[in-house]
1. With charges set only on the Cβ (+1 for Lys and Arg, -1 for Asp and Glu), what does the dipole of the chain come to about its Cα centre, in debye to the nearest 20?
2. Looking at the chain, what % of its DSSP beta bridges pair antiparallel, to the nearest 5?
3. Of all DSSP beta bridges located in the range 332-485, what percent are antiparallel, nearest 5?
4. Which links in LYS159/LYS190; LYS295/LYS490; LYS24/LYS163; LYS74/LYS372; LYS55/LYS180; LYS372/LYS509 stretch past 27 Å when you go from one Cα to the other?
5. Towards the positive end of the charge dipole of the chain, with charges on Cβ (+1 Lys, Arg; -1 Asp, Glu), say which of ALA394, GLY94, ILE292 has the farthest Cα.
6. Given an 8 Å cut-off on Cα distances and at least 6 residues of separation, report the relative contact order of the range 442-544 as a percent.
7. What's the ranking of 44-53, 156-165 by average number of surrounding C-beta atoms within 10 Å, highest first?
8. What are the semi-axes of the equivalent ellipsoid of the range 1-118, taken as the square roots of 5 times the eigenvalues of the Cα gyration tensor, listed largest first and rounded to whole Å?
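Computed from the coordinates by the stated procedures, all read-outs in this text should not be read as laboratory data. Keep in mind that this is a model prediction, so the values were computed, not measured. Because the Cβ atoms are built from the backbone with ideal geometry, glycine has one as well, and the counts that use them run over all protein chains shown.
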Amino acid sequence: MDIMKIDVELLYRMFKQASIELNKNKSLVDSLNVFPVPDGDTGTNMSLTMKNAVKEISKKEYERVDDLSKAMSKGSLMSARGNSGVILSQIFRGFSKGCVDKEVLTSIDLCKAFISASETAYSAVMKPVEGTILTVIRKTAEKAKDYLEDEVPIHALLKILIKRAEETLDKTPEYLDVLKQAGVVDAGGKGLVFILNGFYNAVVGEEAEEFYELTETVAPHTSTEYTDIKYGYCTEFIIRSDIRDVEKLRDKIFSLGDSMVFVTDDELIKTHIHTNNPGIALEEALKYGELINIKIENMRQQHTSIIENNSSTESDEITKETVEEISKYGFVSVSMGSGISNIFNDLGVSVIIEGGQTMNPSTEDIVVAINKCRAENVIILPNNSNIILAANQAKELIEDKEVFVIPSKSVPQGISSMIEFDLEHSPEQNYNSMCEVLTEVKTIQITYSVRDTVFNDMDIKKDDILGVYEGEISSVGKELKKVVFESLSKAIDEDSEILTIYYGMDVKKEEVEKLKIEIEEKYEDLDVELYYGGQPLYYYIFSIE
């Protein structure tokens, strides 16, 4: 029997079956990712986005397809993870626009919904790249334009559109050379084809027989808690001095505590340290020049005040100035690893979203984190190129605060950006300066390959060590140290002054200390600093300034 209309019950089954089809094949979609690093892969992100959206629409009943499609749009918007999930949410947003004022959908209405889906998805991406999911939805929508005059059976239309989608998917390597080299089609486009197949299966009654459990997914953890405070005084100051040989001062101050930040810039030396002896730190610094912008805060007292304030108990020890500072700015940072999270906390980040490479936070995760900041202005540090779109999407959902998304693509960029923040500046000034400093830091990440592939003419095998420099694979090998030095050689130049090493949870401290010595011997003019990052899967993260 030909089905000529989609009612609300059928549309729900189409969404649900599409999610089932995508979830069953997410590993296949993940395997198509050309970039072989451990990451929140395309199939996983799309599946989580859709699965949680279907979970949301299952919570109530709807009488019209426009109401259901609107709820699906909102659900996917809040659940979107990674760039692929955000683009998918925009496809459903456009689909919903095409369903406005519709109680049921004819084949003509469905075609209009696909056309709207394509237009909305393209408009949401600043620089659309052909050969991706965007190309697949655009070509599918173009085919739908041929069926805007006469109604046809829904299953027949979907069969035609799926054929066009598959044909377009097969041609994606012609658009992107990286796909051609790797011998794969676009992962996001493949995910979309599975979604369309799910639509078709629901319409013809070939739905999955297995029980589909709409389970809760574990969201990245957000944290505002503080660990036991070993060093009680957050001490910051700037030394005005033309003396360049300040290594002795740095080592002396470093010995006084932890969370050390030591940055030289022209005639200024910016210093941050957590210590129990701020007076000694200031005394040592005075030997080198004039001190300005001195700030010493009792972190134990602040910790007590925060706890009491969170319990709705007024504290006489919270000054008016402190309240004003808390209410003016708040910070949200995505972080992976306890050490890196501690560094962001030390720099003033109020809410940490534990996620990043292996679990990209959803739009909703970021919205929740923003709302935890009791501040007029909230600055977000995504620290991952695959999270920036979701952060910007979250920003658009906030009405009672000004939200600024710093497009930080790595942890070192996020840390440098936080160091640049100045409480005395306006939000716009801080946004501009925090964005500008992103170009002044280079990032190298050392990890391993999770699949065989070819990337930029490099033959990569599973478990190979990878050096990723500024988002591109720069070195491949079997030996960790060799890949480290090959990667560093491509990033360090005559202008490089400071190299910071953040070592991961799987690296022993004695190993990285030996590596530090070897780097210092090879690059004698470079100041090398070492911190425990605790990040999983990534052996080292290097910051070069």
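1. The calculated dipole for the chain is roughly 1660 debye.
2. Percent antiparallel among DSSP bridges in the chain is about 70.
3. Values: 13 of 23 bridges.
Of all bridge pairs located within the range 332-485, approximately 55 percent are antiparallel.
4. LYS295/LYS490; LYS55/LYS180; LYS372/LYS509
5. Looking along the dipole axis, the top candidate is GLY94.
6. Relative CO of the range 442-544 lands at 32 percent.
7. 44-53, 156-165
8. 27, 14, 13
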